[in-house]
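Engineer: Sharing a structure, written as structure tokens. Questions coming.
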Amino acid sequence: MNIFETYTRLRYQTNQKLLSFKPVPPLASTFKERMLGEKEEVPDIDNLALGQLIKEVFSFQAYYPNHPYSLRKRTASARSIHPFFPVIYYKGYSYLYDSLSNRFIYFAYDRKKREEIKVCLYLDIWRICAVYGEFGLPLSLLELGHILSDLKWLVQDNQLLSMEEEKLTFTAYQSTDLDQAKDLYQLAALSFIDKEKRELARKGMTKTRLQKKYNYQKEVEQLPILQELKAVKASQLGRTGRYGRKLEGLLAKRKDRHSLNQRMGTFPLGPAFSVKFLRTYLQEVSHYIKEWAFDEVGFYLLSLHIDGLAKGIYKWDGENLMMIEEDVDPYFIFYEGREGINIERLPFLILLSVKIDKPESREAFFESHIHIGEIVHTMSLLFAGEDRFSRPFKNINDSYVEGICQTDPEEYFIYACMFGSGRRQAGIPWR
């Protein structure tokens, strides 16, 4: 089976009865808790660099009470569903981070793992598949790329924590640690080195038995993607290693990054960008991702509202923009949802593709989506600034885009991102 074609060119036929713009499931994965015994003195993970990193990436940052997608994090997520959550293994102690209550829940101790510092990322897959059908799988992989990118840039900026490059492992298996929650899948394991020298602080916590409140194992088992998850081999993520440098002004960029996710859609109203601004931005992107992106990923830029650059599709090789096609209808770039976007006022958008020799390879499919998700998150961070937004999207009209970009048959479009001017709505701080 050509897995790439199934989830790109043919995905709309597979999901004919599903619409992307549907209500989302409950706000986050939730668990029943049962206290076990008395309080124990355990590492105070809230005050460790690792705990602070996890909260920075996975906590909800704002609440929009009048918006259908009400809770937002720093990382992008389709319809703000956020189906991932972390489990932290710190020197034998196991914690689940609960984003709704913004707290760590201690649930196990294993003395055999006293030397281990690891974060495992779990996918509550039915949360996203309830909205997107089996297309929830590639969307989840792209989101995992956003999360990994955010984690790794923050680790590069942290003096007290580092990540073991050779231990960034992709996995896909059902949960064994969270009380028979067989609709959960662990998709990544990251090993860390804690460089804090001060004495380890402890606090009293009661060990808790965790049971997933809503279990959708039967629903998940009806999805064809379950076979993909069960069959993919665990592997080192070769194309998603540590980043070689710090990202300048990272914390400010993360604070400013947003998707202009307004109640009625995406309506950029700002002036045209200059070609000088665009070239400066592209040069900065090249500076940070050139060594791990351009050899394997195709970049296509659609110019719409750039002073000094003709409208049309360009191929970008990391250094130069080459015009491919001038006659482009920007509304046909999107398969659906175009009514909610003021497309002609977008300065530009970028589409990313990958060439695959073995399109039946599950491992190549998983890794390419994660890799491109990382790239788009990095590009969004670099673009972030006052009154600027970047909006990743996956609802690509493959046949039209392949025609105007003149791609090869073995080239598949994986992801895309809009870039423009616009100020986000004010939200209420969460917690």
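Engineer: Scan segment 204-232 and report the pairs whose first residue is closer than 20 Å to D177 by Cα and assigned by TED's automatic domain parsing to the domain that holds N47 and whose second residue is small (G, A, S) and buried (at least 17 other Cβ atoms within 10 Å of the Cβ), with Cβ atoms within less than 6 Å and a gap of 6+ or a chain change.
Structural biologist: Within 6 Å, the pairs are K212/A181; L229/A172.
Engineer: Report yes if F107 is touching a Lys or Arg at 6+ places or on another chain (Cβ under 7 Å), among the aromatic types (F, W, Y) and part of a strand (DSSP E or B), otherwise no.
Structural biologist: Details: touching a Lys or Arg at 6+ places or on another chain (Cβ under 7 Å): yes; among the aromatic types (F, W, Y): yes; part of a strand (DSSP E or B): yes.
Considered against the rule, which asks whether it is touching a Lys or Arg at 6+ places or on another chain (Cβ under 7 Å), among the aromatic types (F, W, Y) and part of a strand (DSSP E or B), F107 comes out as yes.
Engineer: Quick check: anything in segment 364-382 over 24 Å from the mean Cα position of the chain (by Cα) and modelled with pLDDT of 90 or more? Let's see the steps before the verdict.
Structural biologist: Going through segment 364-382, the residues over 24 Å from the mean Cα position of the chain (by Cα) turn out to be none.
Checking segment 364-382: not a single residue is over 24 Å from the mean Cα position of the chain (by Cα) and modelled with pLDDT of 90 or more.
Engineer: Now for a different question. Which one is surrounded by the most Cβ atoms within 10 Å (Cβ to Cβ) among residues in segment 96-124 that are within 29 Å of A231 (Cα to Cα) and touching a helix residue (DSSP H, G or I) at 6+ places or on another chain (Cβ under 6 Å)?
Structural biologist: L123
Condition check ((1) within 27 Å of S259 (Cα to Cα); (2) in contact with a His (Cβ under 8 Å, 6 or more places away or on another chain)) across all residues:
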| residue | (1), (2) |
| --- | --- |
| E56 | yes, no |
| Q61 | yes, no |
| L71 | yes, yes |
| A76 | yes, yes |
| R79 | yes, no |
| F84 | yes, no |
| Y95 | no, no |
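Engineer: Out of the residues in segment 58-107 that are small (G, A, S) and out of contact with any Leu (no Cβ under 9 Å at 6 or more places or on another chain), state the one that is nearest to K195 (Cα to Cα). Break it down stepwise before answering.
Structural biologist: At the first step, the residues of segment 58-107 found to be small (G, A, S) are 59, 62, 70, 76-78, 80, 92, 94, 99, 101.
Filter again for out of contact with any Leu (no Cβ under 9 Å at 6 or more places or on another chain), leaving 59, 92, 94, 101.
Values: S59: 24, G92: 17, S94: 19, S101: 28 Å.
The qualifying residue nearest to K195 (Cα to Cα) is G92.
Engineer: For segment 194-207, give me each residue that is among the hydroxyl-bearing types (S, T, Y) and crowded, with 19+ Cβ neighbours inside 10 Å. Quick ask: steps written out before the conclusion?
Structural biologist: In the first step, residues of segment 194-207 are kept if they are among the hydroxyl-bearing types (S, T, Y); the result is 206.
Across segment 194-207, there are no qualifying residues.
Engineer: Something else now. Would you say S368 is assigned to a helix (DSSP H, G or I), in contact (Cβ under 8 Å) with a residue 12 or more places away in the chain and buried (at least 21 other Cβ atoms within 10 Å of the Cβ)? Before the answer, list the steps.
Structural biologist: On the way: assigned to a helix (DSSP H, G or I): yes; in contact (Cβ under 8 Å) with a residue 12 or more places away in the chain: yes; buried (at least 21 other Cβ atoms within 10 Å of the Cβ): yes.
So S368 fits the description; yes.
Engineer: Out of (1) crowded, with 22+ Cβ neighbours inside 10 Å; (2) modelled with pLDDT under 90; (3) hydrophobic (A, V, I, L, M, F, W, C), what's the single condition that is false for L352?
Structural biologist: L352 satisfies all of (1) crowded, with 22+ Cβ neighbours inside 10 Å; (2) modelled with pLDDT under 90; (3) hydrophobic (A, V, I, L, M, F, W, C) except (2).
Engineer: Right, another one. Residue by residue through segment 21-61, note down the ones that are over 22 Å from I105 (Cα atoms) and hydrophobic (A, V, I, L, M, F, W, C). Write out each step before concluding.
Structural biologist: Within segment 21-61, the subset over 22 Å from I105 (Cα atoms) is 21-25.
Residues satisfying the conditions are F21, V24.
The values are calculated or read from the model by the stated rules, or taken from the named source; none is laboratory data. It should be emphasised that the depicted structure is a prediction, and the values quoted were computed from it without experimental measurement. Glycine gets a Cβ as well: all are built from the backbone with ideal geometry, and neighbour counts include every protein chain shown.
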